[in-house]
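Right, one structure below, let's go through it.
The values are calculated or read from the model by the stated rules, or taken from the named source; none is laboratory data. Quick caveat: nothing in here was measured; it's all calculated off a predicted structure. With ideal geometry, Cβ positions are generated from the backbone for all residues, glycine too; neighbour counts draw on all protein chains shown. Note: areas computed on protein heavy atoms with side chains; ligands, DNA, RNA excluded. Shrake-Rupley method; radii C 1.70, N 1.55, O 1.52, S 1.80 Å.
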Amino acid sequence: MKHKYEMLVSTLDKLRQEAPVSYKKYRPDSEEIESIQQARALAFIHLLLKVRFGITDFLNRHKHITDGPFDGGLDAYYFDKENKKLYLIQSKFGHTSKNFTEKSMEANELVKMEIAQITKGIKKDSNSNSFNPKILTFQKEISEIRDIAKYDYIVLLLGNMFKYNDAQIRKLIDNNHYEIYDSEKAYEKLLFPLSTGTYYDPEEIVITIELANKQHPTLKQIVETDFGQFNVTAIFVPTFEIGRMLSKYKNAILKYNPRNFLSLKKKSVNENIRGSITDNEKNNFAILNNGITILSDNVNISDSTGKENQGQLILTRPQILNGGQTAFTLSTIFDEFENKPDNPLKGKEVLLKIITPIKDPDTPNSKFIDLISNATNQQNEVSEADRRSNHDIQIELQKKLYNDYGYLYERKAGEYHDGINNNFVNRALVVDRLKFIKAYWAFKGHPASARRTSEKVVFKEEVFYKILHDVKSYHDMFFAYLLFMELERLDAGFKKKSDSTTTFGYGLLYGKWAVVCAIGLSVPLIKSSSDAIFQQAKILVAEKLNDWRKFDRFAQKKNAKTKYFIDDRNNFELYYKVDLLEDDLREFFLQ
C-alpha cells in the first residue's frame, strides 16, 4: 500500500495548493508538521467532494466544509438535488500508510454527530454551545429547500469502520442510512478515478433537444444480435449539448471507447470536423457528420417540458463507443466560445445513436463493445494496442496491479495524463503496456520474440491472447516488468550505451529481454508481498548480470560458425533477436 498512500498524500498536497494564498489553514509552513497533517485531513474531504460529487472549484468545496470548533460532529455536507439526497460527512484521515489502512473510527467520534439537533434547525448543541457559523449556514440552506421532506439523509463516513456492525453504526448515527468510504474504497473510488480523469461519473445526463423541425423526433427499434436484444434510438441533438457534455465529463464517459480524451487530439480529423461547424452558418453538420454512438442503460425522452419546441433527453450511465473524435471537437469549440454571443455550435445538430441493452445493463459484453468500436471507429486509425484496451484481461490487470502494488497499468495511451500533469501521479508508477507484455513474454521463455516484435504485432488479437491467457499469473507478470525496469535503470546509469559492455557484456546493451528470460528460467518462488518483490527483482538482476559476460563467451563459442560470429567479429545485436538465443539461454543457465 506504500505507493498508493504516497500518491494519496501527493494528491492531497496538490489539492491544498488550490487554496488561495490567504487560506493559511490549507497552506501552513513546511516545518509545521501538525498543521500540515490537519491541512491534509481537510484536503481528504476536498478529494471526496471533488470526485464523488463533482465539485471542481476549490472555494465551492470549501463552502461545504463545516469542520471546526462547535461543528456538532459534522465535517462537511452535500445536497444532491437531482436525486433528493442530503449527505452528512464525518471524516478521519490516517497520517501514515499503516494508520490510514488499519485505524478505525471510534464510537465516541460518531456519537459527537448531533444530526438531529442540526437538521431540526436547533441553534445550539446538546451542551448548549452555539453551533459555528458554517453549521448555521447549512441549517439555513436546509430551510430554503421547499421539498426537503422528500430528501433521504445519508451519513457518509470517510474512514475505516472495522469495529462496529450495521446495527451498532445505526445506533451511533440516529438510525440514518449511511455509506462508508474506507481506505480501500478511498483508493479505488476516489484516488484512482482522479488519476485517470474519470471522476464525477455521471449517473444521468440531461440533454435539451430542439423540436421545431422534427415531425417525429426519434426513430426507435429493437435489434436482435448475437449478443442479445438491444433498443436502438436515433435522434438529432444540438451540437452545443454534446460539446457541453464532453467538456464536463471527459474520460468518465469514454470508458468503453478505445481512445481517451487526450488521445482524441488528432489534428487532421479534428480540423475537418471543426471546419464543418465553424465555416458554415447553416445546419450542414447534421448531414455531413456520421454521428455519435452511445451505450446507455436507459433512455427517456419527453416533449412536455413546459417550453415551446423544446424537449428533454435523459441518458442513464452513458458511455461513448464511437464518435469520440466528433464529441471531443465539439467540446473544444464549446470551451472556446463559452459565454460568447456568436457560438458556432448554436443552431446545429449531430445524429445520436443510443444503444440500450434490454437485459443485464450492468455487465456490457466486452466483445459486443469491441465489435461496435472496430466497425465504427474509422475516422482515424485506432492502434491495435488501443483496440485491446477495454478487453477484460486488461481491465482486470489494471485493477490487480493498482490494488496490490499501487502501480498504474496504462491500458489506453495517455490515460494518466491528467494525473501526471496535475502532479497527482508519479510518472515512475505508470506501467508501459508494451514493456509489461514484452517482459512477461520474455520471462516465459521468448526473449528474441519480445525484442524484435513491434507493438502493432504484439497487440494483434491472436498474439496478445497467446501471451496473456488470463490474469492468474499477474504476480509473475509484474515481477517480469520490475526486472526489465531495473535493467533499464542500470543502463541509464552509463554515459555511453557501449560502456556497459565492459562490466556486463551485452546484457544491458542488447540483451535486456534475455536477462529477464534467464531469471524466469531459474527464479525461485516469487515473493508476491508488495515490499519483498521489489527487492527480489533488484537482487536477481544483479546476480544474473554478474554472469553475463560468461554467457556471451559461451554463445560466441557455441555459434562460432554462424553468421552472427565470424572470425573475430561478432554481431550480438542481431544474435539477441533470433530464436536460437532461447536454446542457448536454457543450455547455459539450466546446466
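Observations
- The mean sequence separation of alpha-carbon pairs under 8 Å and at least six residues apart, normalised by the residue count of the stretch 15-136, gives a relative contact order of 19 percent.
- Within the stretch 1-120: Cβ-based charge dipole about Cα centre, in debye rounded to nearest 20 (Lys, Arg +1; Asp, Glu -1): 400
- Placing a label point 7 Å from the Cα of Arg489 along the Cα-to-Cβ direction, the residues of the stretch 533-562 with a backbone N closer than 16 Å are 533-545.
- Taking every Cα-Cα distance in the chain and sorting them into 10 Å bins starting at zero, the pair-distance distribution P(r) comes out as 3, 14, 20, 21, 19, 13, 6, 2, 1, 0 percent.
- Counting 0.36 nm for each residue step from Asp432 to Lys2 and taking away their Cα separation leaves a gain of 152.8 nm.
- Note on Thr96 and Asp279: their simple-model spin labels are 6.5 nm apart, each label 7 Å out from Cα toward Cβ.
- Estimated FRET transfer efficiency when R0 is 25 angstrom, pair Glu203-Leu59 (beta carbons, to 0.05): 0.50
- Peptides 571-583, 21-33, ordered by how many other C-beta atoms sit within 10 Å of their residues on average, highest first, read 571-583, 21-33.
- A simple packing score, the average count of other Cβ atoms within 10 Å per residue, orders the peptides 505-511, 81-87 as 505-511, 81-87, with the highest score first.
- Under the convention that each Lys and Arg Cβ holds +1 and each Asp and Glu Cβ holds -1, the size of the dipole of the stretch 80-238 around its Cα centre is about 700 debye.
- Residue-normalised accessible area of the chain, expressed per residue, 1.4 Å probe, Å²: 49
- When you count the other C-beta atoms within 10 angstrom of each residue and take the mean per peptide, 470-481, 108-119, 314-325 line up highest first as 314-325, 470-481, 108-119.
- Size descriptor, Kirkwood hydrodynamic radius, that averages inverse alpha-carbon separations across the stretch 445-513, Å: 13.8
- Our note on the geometry: Cα centres of the stretch 100-130 and the stretch 437-468, 57 Å apart.
- FRET efficiency, Glu336 to Glu308 (Cβ-Cβ, R0 30 Å, nearest 0.05): 0.50
- Asp201 contributes about 80 Å² of solvent-accessible surface, heavy atoms of the protein only, 1.4 Å probe.
- 222 nm mean residue ellipticity, helices alone, for the chain (DSSP H n ≥ 4; -39,500 (n - 2.57); rounded to 500): -12500 deg cm²/dmol
- Relative contact order for the chain, counting Cα pairs under 8 Å that sit 6 or more residues apart, in percent: 11
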